[in-house]
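Have a look at the structure below, then the notes.
The values are calculated or read from the model by the stated rules, or taken from the named source; none is laboratory data. Keep in mind the model is a prediction, meaning the values are calculated, not measured. In this analysis, Cβ positions are derived from the backbone assuming ideal geometry, glycine residues included, and neighbour counts consider all displayed protein chains. Ligands, DNA and RNA are excluded from the accessible area calculation, which covers all protein heavy atoms including side chains. Shrake-Rupley method; radii C 1.70, N 1.55, O 1.52, S 1.80 Å.
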Amino acid sequence: MGIIAWIFIGLLAGAIAKALMPGKDPGGIIITMLIGIAGGLLGGFLGKVIFGVDSIDGFFDLSTWIAAIIGSVILLALYRAFTGRGHRRGHAHA
């Protein structure tokens, strides 16, 4: 797949991950796209390691989208955990 396809999948997978995990997230469309692209790679890697399948076959394959969304959800959860902790440290409680 080309870079444009990865960006498109990343944008949609990141948006779907945000929809599946409601709540306020720091970051805009660029962070969503980066999480989605990295999530697609992570999902493909996990699919290969855990199930022994090549889950990143092509743009229109369902396995590509599922891998990208699952990877994006994992990365979004990690992103929230790290940015949430850093955000709370900066504020003093009265």
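Answer yes if at least one residue in segment 62-80 is surrounded by fewer than 14 Cβ atoms within 10 Å (Cβ to Cβ), modelled with pLDDT of 85 or more and not aromatic (Phe, Trp, Tyr), and no otherwise.
In the first step, residues of segment 62-80 are kept if they are surrounded by fewer than 14 Cβ atoms within 10 Å (Cβ to Cβ); the result is 62, 77-78.
Now restrict to residues that are modelled with pLDDT of 85 or more: 77-78.
From what's left, not aromatic (Phe, Trp, Tyr): 77-78.
Among the residues of segment 62-80, at least one is surrounded by fewer than 14 Cβ atoms within 10 Å (Cβ to Cβ), modelled with pLDDT of 85 or more and not aromatic (Phe, Trp, Tyr), which makes the answer yes.
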Output for Cβ contacts, cut-off 7 Å, separation at least six or different chains, first residue of a type outside the set (A, V, I, L, M) in segment 63-84, second loosely packed, with under 14 Cβ neighbours inside 10 Å and not in a helix (DSSP H, G or I), reads THR64/GLY58; THR83/PRO26
Does any residue in segment 25-52 that is modelled with pLDDT under 75 come within less than 8 Å, Cβ to Cβ, of a residue that is β-branched (Val, Ile, Thr) and open to solvent by 50 Å² or more (accessible area, probe 1.4 Å) six or more places away or on a different chain, and which pairs are these?
ASP25/ILE31
Which one of ALA13, ALA38, ALA17 is surrounded by fewer than 20 Cβ atoms within 10 Å (Cβ to Cβ) and either within 13 Å of ALA77 (Cα to Cα) or in contact with a helix residue (DSSP H, G or I) (Cβ under 8 Å, 6 or more places away or on another chain) (or both)?
ALA38
